[in-house]
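Below is one structure, written out as C-alpha cells; the observations come after it.
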Amino acid sequence: MKDRPPRRLRAIISSAILVAALPLVVLAFLGIPYVTPASQILLGGIAVLGLLWLLWKAYRAFLYKVGRRLAFSYFLLGVLPIPLVLLLLTVVAYILSGYYLGQLYREGVQDLQTELRTLAQERATHFARTGRSLDSESQVVFGYYRNGRRVAGDPRLPRTWPAWLEQEPDLPHFVEQADGISTLAAAASSGGTRGTGVVALWTGSLDQEISRRSDLWVEIGRPDDPNLVQLEFFGRTLPLRRINQEKKAAESEKFFKQLSRDGKYWDRPILWWGEISGPLRNLATGRMLLNRLTVTLTSTPRTVQRHLFVSSAEVNSAVWASLLIFAILLFDVYVIAALMAVFMIVGLSRAVNRLSQATTAVRSGDFGVRIPVRRRDQVGDLQRSFNEMAAHLESSVTAAAQKEILEKELQIARNVQTSLIPSNLPTGEGIEFATLFEPSAAIGGDYFDVLRLSDTEIAVVIADVSGHGLSTGLRMAMLKAALLILIEETRDPEEILRRLDSVVRNSEDRTFVTATLAIVDLHRGTLRLTNAGHPPTYLIRGRQVQEILLPGSPLGGLGHTYGKATVPLEPGDLVVWLSDGLIEAEGDDSEPFGYDRVAEALAAGRAGQTAYEVRDRLLAAIGGHVGERPPSDDRTLVIMQYRSSGALTGEMRLSDIASALAEARAAAE
C-alpha cells in the first residue's frame, strides 16, 4: 500500500508531459517554423517514448489476468509451432509426392518403350528367318525394312530406315506422327545387314496408355500450350496443367473412379506435378522438332501411398534449397516465440510455486501459513485471497468434519431402518408375497411387516407415520418394537391397535399413525382386517377387484374406533395393502394418481396372475402417470397371494364378500 502515492505521481507527471508535448508535436508535423529541428527531434523522441509507455500500459493491462498470460504463453510455445510444423510437413509431403509422381511417369514411359522394342526385336528375328511379316498388334503398327527401304508394314512408317532410332535404345524416343500427335517409336535390326529390321510405332493414345501403366493421369503437351501454368523455381520452369478441359474431364473422372476405394479425400485427385520429357523428333529424318515436351501429372494420395515403397524419388536441388530456406525462417520464428514464452512463464512460475508451497503447508495442517504479496496483478490478488481463505479454513474444516459425522450417523439410521423392513418373508405352498418399500427421504415414515404367528397363521401390518426425517424413522422403529411385544401378549387386533395408540399418544409432539393389521388363517382361508385410518385394502379375485374400505381413527388421533371385517379367501385370491404415497403420486399436471386408477390398474391383469405381476403392473401405471417427477411421499406396497387349495370349498363371489363386509359394519355400529 505504501507504493501507491509515488505510482500515482508518476502517472500524473507522464500524463502532464504528454498533454504539454501534444501541441508541439502537432506543430512539428504541420511544419510550423516556430519549432526548430532540434525541438522536432526532442518532440519526436517524447512522442515515441509516450507511445512506448502507452504500449507498455496496454501490455500490462492485457496480461493482468493469469488466464491471459497462460493462454498467450501456451499460444507462443505450444500452439504456434504446431501449424508451422504442419505447414512444413505438408510442403515436404507434397514435394516428395511430386517426385514420386514423376518417377512413376518415367517408369510407365520406359515400360512402354521397352515393350515396343521387344515387339520390334521379335518381329525382326522372324523377318530375318522367314522373310515374311507378321500382323500388327493392337495400337502398335510395324514397318519391315530390307537394305534401308520399307518392304512391308504400315504406310504411316517412313519409307526409308530411321537409323537414328537405334541410337541410345534404352531412352524413350518421342516422335511426331503426320497428324501432329506425339507418340513413341522403337527400332530393332536383324541379320547383321545395315538398314534391315523392324520399326514399331505406338498409334493409340499415348497419354491414356502411360496413365494406365503408371496409375497417374498423364497429359503430354507442347511448351506453347495455352492451358499450361508455368511455375518458376530458381530459374527452372515447372509446367502444370489442370485437368478441367471438357474433352478430358469425363475420361479423367472415369480413370480415377476405377482406382478409387470410395475414400472421401484419399481418392480425390488433389496432387499435381510437372515433368519435362523429350526431345520430340521427326520419325523419318530424326530432326529435332522440340527440345522438350511438357507433362502434367495428376494423382490421388492413395496412389502415392500404394507406390511409395516401390518407387525411387529424385531430389531437385532448387526445390530442396527453397524448402531449407523456408524451414530456417520457421525455426527463427519458433525460437523467438519460445524465448518470449519462457520469459513470461518464469515470472508466473515463481508466483505459482509460492502458492503451491503454501497450499502444501495448509494440506499438512499448518493453517497459519501466509504468502508475502508483492505483485500487483491478478496473481497478487490471488495470493491475498489465499491468505484470507487460510484464516477461515480451520473453521470450515471443523464444520465439514461435523457434517461428515452427521452424514455417517444418518447413514447408520438409514441402515437401521432398512433392517427393520422384513427381507425374509414367510413362504410356502399356500402363500406368496410381493412388496415395495421406497422412502422419499433418507429416513422414511412408512412401515410394513409380516409376522409368523403359527404354522397356519400370519399377521400382516402396514403403517404410515406422519412426517419425514430422523424423528419419524425413530417412531417407526418404536412402533415395530411395541408391535412385536404386543403380538406376543395378545392376538386380538383391536387390542393391539388400542395399545399402540397409547404408545403414540405418549410422544412429546403430536404424531399420527395410520395402520392396517391383518390376521391371515391359511388353514381356514380367512382374512381378519382391522384398520386405523389407513387407505383401503383391495381384494383381487380373477379379474374382479373389491375395495375393502374400513373407516377408523388413526393412532394418536381422537377416538379408538377401528374398522373391522372378516373376509373369506379362495385359492388364487390376491390381497393388496398400500400407503397413500402411491395413491397421491402426482403427475406433471399436479393431479394425483387416485383410487380409481389404482382399481383400474389392479383389474387390468389376467386371471391366475402372481403377486409379482400385480406389483409390477401397478408400479408401471403409477410410473407412467408420474413421469420423471421424484416421489413427494413414502411409497409402500404389500401384495399377498393366497394359494392353499384345501382351505375352502365351493365358489364365493365378490358380491358375497361385500355382503359380509356390510354385515360386519352393521354389527360394529
Residue satisfying condition, being out of contact with any Cys (no Cβ under 6 Å at 6 or more places or on another chain), open to solvent by 30 Å² or more (accessible area, probe 1.4 Å), assigned to a loop (DSSP other than H, G, I, E, B) and not hydroxyl-bearing (Ser, Thr, Tyr), within set 528, 499, 524: 524
Residues of region 155-206 satisfying the condition of being under 15 Å from residue 287 (Cβ atoms), in contact with a strand residue (DSSP E or B) (Cβ under 9 Å, 6 or more places away or on another chain), open to solvent by 10 Å² or more (accessible area, probe 1.4 Å) and not in a helix (DSSP H, G or I): 158, 160, 173, 176, 177, 182
Close pairs from region 588-602: first among the small types (Gly, Ala, Ser), partner open to solvent by less than 80 Å² (accessible area, probe 1.4 Å) and part of a helix (DSSP H, G or I), Cβ under 7 Å, at least 6 apart: 594/583; 601/617; 601/618; 601/621
Which numbered condition residue 513 fails, given (1) in contact with a strand residue (DSSP E or B) (Cβ under 6 Å, 6 or more places away or on another chain); (2) under 14 Å from residue 459 (Cα atoms); (3) β-branched (Val, Ile, Thr): (2)
Residue satisfying condition, being exposed (fewer than 11 other Cβ atoms within 10 Å of the Cβ), modelled with pLDDT of 75 or more and of a type outside the set (S, T, N, Q), within set 355, 324: 324
Matching residues, region 569-620, being small (Gly, Ala, Ser) and open to solvent by less than 40 Å² (accessible area, probe 1.4 Å): 572, 579, 581, 585, 587, 594, 599, 601, 603, 605, 611
First in region 276-301 and without any contact (Cβ under 8 Å) to a residue 24 or more places away in the chain, second anywhere and charged (D, E, K, R) and part of a strand (DSSP E or B), Cβ under 9 Å, 6 or more apart: 287/281; 288/281
Any hit, region 465-487, residues being open to solvent by less than 40 Å² (accessible area, probe 1.4 Å) and part of a strand (DSSP E or B): yes
Residue check, residue 106 closer than 30 Å to residue 324 by Cβ, of a type in the set (Lys, Arg) and in contact with a strand residue (DSSP E or B) (Cβ under 9 Å, 6 or more places away or on another chain): yes
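The values are calculated or read from the model by the stated rules, or taken from the named source; none is laboratory data. Source: prediction; values computed, not measured. Note that we place each Cβ from the backbone using ideal geometry, even for glycine, and neighbour counts take in every protein chain shown. Protein only, heavy atoms only, side chains kept; ligands, DNA and RNA dropped before computing areas. Shrake-Rupley method; radii C 1.70, N 1.55, O 1.52, S 1.80 Å.
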